[in-house]
1. If I filter region 142-153 for residues that are modelled with pLDDT of 95 or more, buried (at least 22 other Cβ atoms within 10 Å of the Cβ) and either assigned to a loop (DSSP other than H, G, I, E, B) or polar (S, T, N, Q) (or both), do I get at least one hit?
2. What are the pairs with Cβ atoms under 6 angstrom where one residue, in region 142-153, is in contact (Cβ under 8 Å) with a residue 24 or more places away in the chain and the other, located anywhere, is surrounded by 13 or more Cβ atoms within 10 Å (Cβ to Cβ) and among the hydrophobic types (A, V, I, L, M, F, W, C)? Sequence gap at least six, or different chains.
3. Tally the residues that are crowded, with 18+ Cβ neighbours inside 10 Å, touching a residue at least 60 places away in the same chain (Cβ under 8 Å) and touching a Leu at 6+ places or on another chain (Cβ under 9 Å), restricting the search to region 29-45.
4. Out of (1) assigned to a loop (DSSP other than H, G, I, E, B); (2) under 30 Å from V54 (Cβ atoms); (3) touching a helix residue (DSSP H, G or I) at 6+ places or on another chain (Cβ under 9 Å), the odd one out for G88 is which?
5. Which of the residues spanning region 291-322 are in contact (Cβ under 8 Å) with a residue 24 or more places away in the chain and assigned to a helix (DSSP H, G or I)?
6. Would you mention how many residues in region 261-290 are buried (at least 18 other Cβ atoms within 10 Å of the Cβ) and in a helix (DSSP H, G or I)?
7. With respect to E319, determine if the residue is more than 30 Å from G13 (Cα to Cα) and surrounded by fewer than 20 Cβ atoms within 10 Å (Cβ to Cβ).
8. Take the residues in region 87-121 that are of a type in the set (G, A, S) and exposed (fewer than 15 other Cβ atoms within 10 Å of the Cβ), then tell me which one is farthest from the chain's Cα centre (by Cα).
Amino acid sequence: MAEVGIMGLGAPGMSWREVRAAAQLAEELGYSSLTMGEAWGPDALTSLAQLAAVTSRIRLGTSIVPVFGRSPANLAMAALNLDRMSEGRFFLGLGTSGRLVVEDLHGERFTRPLTRLREYIALIRKAARGERLDYDGTFFHTRRFRLRLEPYRPHLPIYIAALSPPSLRLTGELADGWLPIFLVPSRMQAALAELEAGAAAAGRSLADLRISPQVSIYVTDDVAAARDRERQHLAFYIGGMGVFYHQYMHRIGFGAEADRIREAYLAGERAHAAQLVPDEMVDAMTLLGTPRQCREQMERFFAAGVHEIRLVFNEPNQEALLRAMRAMAPKG
């Protein structure tokens, strides 16, 4: 069944008390999940712990926590505790992040990220099954300890944020779900093929995987202004977040555009880089317009095989956010 969640709940100027109240409203309105990301601001796990305390039905997840910021045992303790606190409503979204964040913020070497991700998942699975954390890998050599924590359930859902072919195959092989960003429904067949190949190698199928992209949404009558705001967001990722998203745009058919955007961004011409983001790119991966128009655009994702859309609201303040949440509510 197609579901609608929310990613990164909040708006400029909102207090944490107001964010908690918005989470309660999201549950009342029938949204399927609330997910929190983690970059170089608030961490995701403490935020979700508080949201677990003020809600009772809505699913909660990380989107994402990077596997270079904590030890696998530390992340397993936090994730299993959150699952216990939320009574089985939690899922763990993992990703590798990128070289800039890993090396310049965390002070870790960004080496063999998918091997590290694989080892993280193996250790977290052991912890969720209540097993001893005996492991001898490339990065982690652990032994003797079993967590003093009774898991709420033996299988904690793990989702992976993946866009490159190797990471997509790893997701198909090991994960319960896929958390893409900048997903273009009409251009996702190549990604699905990689997921399916990874699943088949592990004796699984694509049906074992839940597809849950985060999708930017602008609920507005001024589509042109909304496009201009999203252009800045896309230019930042393509030009300022390493090579990962630039390469991804090449794989989905926006290579020439991404080259021009990145060249301008790296030259310090950020405003010009944003102007170079074409309408076609924005419209392909973003929801823009009235509530009715946004709902119609969401159907493209569901028709392509998406199970859940996690909306990233881009509203200027609390009042506008709550109005947009109500307008796009699954029960509305």
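The values are calculated or read from the model by the stated rules, or taken from the named source; none is laboratory data. Remember, it's a predicted structure, so these values are computed and weren't measured experimentally. Positions of Cβ are generated from backbone atoms using ideal geometry, with glycine treated the same way; all protein chains shown enter the neighbour counts.
1. No, because not a single residue in region 142-153 is modelled with pLDDT of 95 or more, buried (at least 22 other Cβ atoms within 10 Å of the Cβ) and either assigned to a loop (DSSP other than H, G, I, E, B) or polar (S, T, N, Q) (or both).
2. Here the result reads T142/L133; F145/L133; L147/A127; L149/L80; P151/L80; P151/A128, each pair linking region 142-153 to a residue that is surrounded by 13 or more Cβ atoms within 10 Å (Cβ to Cβ) and among the hydrophobic types (A, V, I, L, M, F, W, C).
3. Looking only at that region, the number is 3.
4. Failed condition: (3).
5. P291, C294, R295, M298, R300, F301, F302, A303, Q318, A320, L321, L322
6. Total meeting the criteria: 10.
7. Spelling it out, it is not the case that E319 is more than 30 Å from G13 (Cα to Cα) and surrounded by fewer than 20 Cβ atoms within 10 Å (Cβ to Cβ).
8. G107
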